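What follows is a short report on a single structure.
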Amino acid sequence: MIAPGLILAPAVAADVPDLLLLIKALAEYEKLSHLVVADAADLHGALFGVRPAAEALIVREVGGKSSAIAFALFFTNFSTFLGRRGLWLEDLFVLPEYRGRGIGRALLEALADVARQRHYGRFEWAVLDWNAPAIGFYERMGATILTDWQIARVTGAALANFGAADAPTRE
């Protein structure tokens, strides 16, 4: 349930500029602004192109601020063990001045509803290990923080050259 005066809805193509601003605000919060290279065209294609790669929910204040105040961007993954799709939450962000109003909770509950309605077997996301407030919030909502899994990532030049030569070993 979203707080009075707020609207939570699926993002539409006209929301792309606001989503991009929120993504940049999230990157700034996480001290990762230098990694944001996506532009409006990239985001529009990923969310509303011929083969959408993701979906988003957006929260707006009614009669107040004209731009969005929160978002959640998600897509499907697949569990071989369950034999079913899952919902992967890539990013969830609420502008700092709007935190503590139940907006994050409402977004997570809406995503859980999506997962249930689509008969997905899982609803998962990652959280930075230094983000204690988020970890505590997720645990209070009923999430289990998996400490035995590490994310492996290959991007940029490493992706372009992946497997081309033996990687140096760690000592």
(message) Restricting to DSSP H runs of at least four residues, report the calculated mean residue ellipticity at 222 nm for the chain, -39500 (n - 2.57) per run over all residues, nearest 500 deg cm²/dmol.
(response) -9500 deg cm²/dmol
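Over the chain, give the accessible area per residue in Å² for a 1.4 Å probe, as an integer.
Solvent-accessible surface per residue comes out at 67 Å².
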(request) Please work out how much length the chain gains when fully extended from Ser79 to Ala13, using 0.36 nm per residue of separation minus the C-alpha to C-alpha distance, in nm with one decimal. (result) 20.8 nm
(message) I need two numbers for the stretch 21-171: Rg to one decimal and Dmax as a whole number, Cα atoms only, in Å.
(response) 17.4, 59
(message) Please report the carbon-and-sulfur percent of the accessible area for the chain; probe 1.4 Å, protein heavy atoms only, DNA, RNA and ligands left out.
(response) 57
(request) For Asp42, tell me the accessible area in Å² from a 1.4 Å probe, rounded to the nearest 10. (result) 80
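The values are calculated or read from the model by the stated rules, or taken from the named source; none is laboratory data. Because the structure is a prediction, the values reported are computed rather than measured. These area figures cover heavy atoms from the full protein model, side chains too; ligands, DNA and RNA do not enter into them. Shrake-Rupley method; radii C 1.70, N 1.55, O 1.52, S 1.80 Å.
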